[in-house]
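Colleague: The structure that follows is given in the form of structure tokens.
The values are calculated or read from the model by the stated rules, or taken from the named source; none is laboratory data. These numbers were taken from a predicted model, which means no experiment stands behind them. Using ideal geometry, Cβ is built from the backbone for each residue, glycine included, and neighbour counts are taken over all protein chains shown.
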Amino acid sequence: MPKIRALLCTALMLTAIAFHLNAGHSETTQDLMPLLLTVHDAPVPFTGSDGHVHLVYELWMANFSSGEADIEKVEVLGDGLVLQTLDRNATASRLQPAGKRESAGAITGGAQSLLFLDVILPAGASIPKQLTHRVQAHYAAAPPGHQDFSETGGATTVDRREVAQIGPPLSGDSYISADSCCDATRHTRAALPVNGNVYVAQRYAVDWEQLDANNRIYAGPREELKSYTIFGKHVLAVADAVVAVVVKGLPEQAPGKYPTDLPLDQADGNAIILDLGQHRYALYAHMQSESIHVNRGDKVKLGQVIGLVGDSGNSVAPHLHFQLMDGELSLASNGLPYEIKDFKVTGQTPGTKAFDEAEENGTPLAITPITPPHEVKKALPLDQLIISFAQH
């Protein structure tokens with residue numbers, strides 16, 4: 001009886017809302033929809049290094065019932081046609097409770113989760129104007145025989161803003177696009193509550209690392225900066241731009257462990273943010289302090305050396321963290337896609353787990369070579385690829 005009374009109360013509330021919104025109409029509909037679906041940031045279509053157009057965004061799901069909602073199936077529809085279907089297992093690997101970094105296939109009663117989506121369009125397919133979502137779920141709090149609902153919602157218009165075409169942030173060979181788009185949990189799913197809003201500033205971020213001739217990230221003592229292949233490499237301006245933010249004066253961290261008690265404003269370490277125009281900003285993080293010789297307001301040219309790769313801030317090993325975003329605050333902004341004008345894909349790693357082990361142990365990373373190298377034009381490097389940029 002308590003469950004039935006709770007369900008009836010919800011139905012009565014929804015009925016009142018429905019009549020209020022449809023005042024003056026001769027007919028009204030009263031559909032119980034316990035799962036509230038919204039998209040806060042519409043996806044911006046971009047081309048990935050796989051040659052496909054990607055739509056990357058988050059579907060917010062709020063369970064407006066007193067019991068658990070088990071998400072059984074999610075369909076993404078573009079202009080009414082099914083673009084992608086996620087079964088129970090696929091949904092469980094992408095559904096993340098608000099405030100947590102572990103995924104789960106169910107949403108607790110009264111709670112909210114984010115479903116991180118990467119919709120990959122077939123080659124030659126047109127980009128849809130509007131996306132909606134059809135969700136099938138089982139609700140534990142509903143009476144027997146009424147526990148399964150299928151509802152459609154979360155309508156959003158695809159954001160067709162122009163994608164930034166940029167140059168590479170580094171030059172040379174054997175760079176790893178670690179934790180890059182579109183399934184890397186460290187970046188793509190890093191939804192953070194900052195300044196009263198939730199942002200995914202790192203939605204398209206990448207941690208660039210580099211292999212030596214023996215496919216090792218470092219050779220020698222792990223705790224020594226000079227052991228790392230990428231340490232000290234030139235960092236390049238990706239466009240003609242204006243320097244918006246400079247942070248320097250922070251020490252290099254000892255590789256092998258993350259620093260503790262680090263203030264939020266030091267997480268990026270020594271960093272530069274470039275204003276590319278049209279509300280697009282490029283962040284370079286974890287640089288060497290003494291290598292930064294630009295100041296706020298300076299103009300830089302495409303390909304100009306603006307500093308050196310370091311290991312400052314919230315970093316476990318020397319690397320260059322790079323991202324584009326819609327504001328000059330590195331966390332209180334939303335990540336934007338970009339397309340690098342020209343690069344080569346020469347190989348692929350076995351995945352994030354193998355990469356993490358190689359970074360921790362200094363062991364060779366097993367690389368699947370791509371022969372001949374795949375020459376890519378105007379695309380975003382996807383996760384765990386071996387990339388070569390033109391020599392500076």
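Colleague: Specify the residue that is surrounded by the most Cβ atoms within 10 Å (Cβ to Cβ); the eligible residues are those in the range 131-180 that are at pLDDT below 95 and acidic (Asp, Glu).
Modeller: Taking the candidates together, the pick is Glu151.
Colleague: Continuing with the same structure: Of the conditions (1) touching a residue at least 60 places away in the same chain (Cβ under 8 Å); (2) of a type outside the set (Lys, Arg); (3) touching a strand residue (DSSP E or B) at 6+ places or on another chain (Cβ under 7 Å), Ala141 satisfies every one except a single condition; which number is it?
Modeller: All conditions are met except number (3).
Colleague: Only residues that are closer than 26 Å to Ala141 by Cβ and either assigned by TED's automatic domain parsing to the domain that holds Gly335 or not in a strand (DSSP E or B) (or both): list them for the range 41-87, please.
Modeller: Phe64, Ser65, Ser66, Gly67, Glu68, Asp87
Colleague: In the list Ala244, Ala271, which residue meets the criterion of being closer than 29 Å to Ile386 by Cα and either in a loop (DSSP other than H, G, I, E, B) or assigned by TED's automatic domain parsing to the domain that holds Pro169 (or both)?
Modeller: Result: Ala271 is the single residue among Ala244, Ala271 that is closer than 29 Å to Ile386 by Cα and either in a loop (DSSP other than H, G, I, E, B) or assigned by TED's automatic domain parsing to the domain that holds Pro169 (or both).
Colleague: On to the next question. Is there any pair with a first residue in the range 207-223 that is touching a residue at least 12 places away in the same chain (Cβ under 8 Å) and closer than 22 Å to Ser312 by Cβ and a second that is of a type in the set (D, E, K, R) and surrounded by 24 or more Cβ atoms within 10 Å (Cβ to Cβ) whose Cβ atoms are under 9 Å apart and which are 6 or more apart or on different chains, and what are they?
Modeller: Asp207/Asp179; Glu209/Glu359; Ile217/Glu209; Ile217/Glu359; Tyr218/Glu359
Results for (1) acidic (Asp, Glu); (2) modelled with pLDDT under 95, shown as yes or no for each residue.
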residue	(1), (2)
Val238	no, no
Val242	no, no
Pro259	no, yes
Gln278	no, no
Tyr281	no, no
His293	no, no
Glu328	yes, no
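Colleague: While we're here: So which strands (runs of 3 or more DSSP E) are wholly in the range 106-211 and hold at least 3 residues that are hydrophobic (A, V, I, L, M, F, W, C)?
Modeller: 112-120, 130-139
Colleague: For the condition in a loop (DSSP other than H, G, I, E, B), within 26 Å of the chain's Cα centre (by Cα), in the same structural domain as Leu329 (by TED's automatic domain parsing) and over 24 Å from Ser177 (Cα atoms), what is the one hit in Leu262, Leu250?
Modeller: Checking each option against the conditions leaves just Leu262.
Colleague: Given the conditions (1) in the same structural domain as Pro373 (by TED's automatic domain parsing); (2) under 26 Å from Glu68 (Cα atoms); (3) surrounded by 18 or more Cβ atoms within 10 Å (Cβ to Cβ); (4) not β-branched (Val, Ile, Thr), report the number of the one that Pro193 does not fulfil.
Modeller: Condition (3) is where Pro193 drops out.
Colleague: If you don't mind, there's one more thing I want to ask. Return the pairs, sorted by first residue and then second, in which the second residue is assigned to a loop (DSSP other than H, G, I, E, B) and among the polar types (S, T, N, Q), the first residue lies in the range 93-111 and is over 11 Å from Thr185 (Cβ atoms) and assigned by TED's automatic domain parsing to the domain that holds Ala69, the beta carbons are less than 9 Å apart, and the residues are 6+ apart or on different chains.
Modeller: Taking only residues 6 or more apart or on different chains, the pairs are Leu95/Ser103; Pro97/Ser103; Pro97/Thr108; Gly105/Ser93; Gly109/Ser65; Gly109/Ser66; Gly110/Ser65; Gly110/Ser66.
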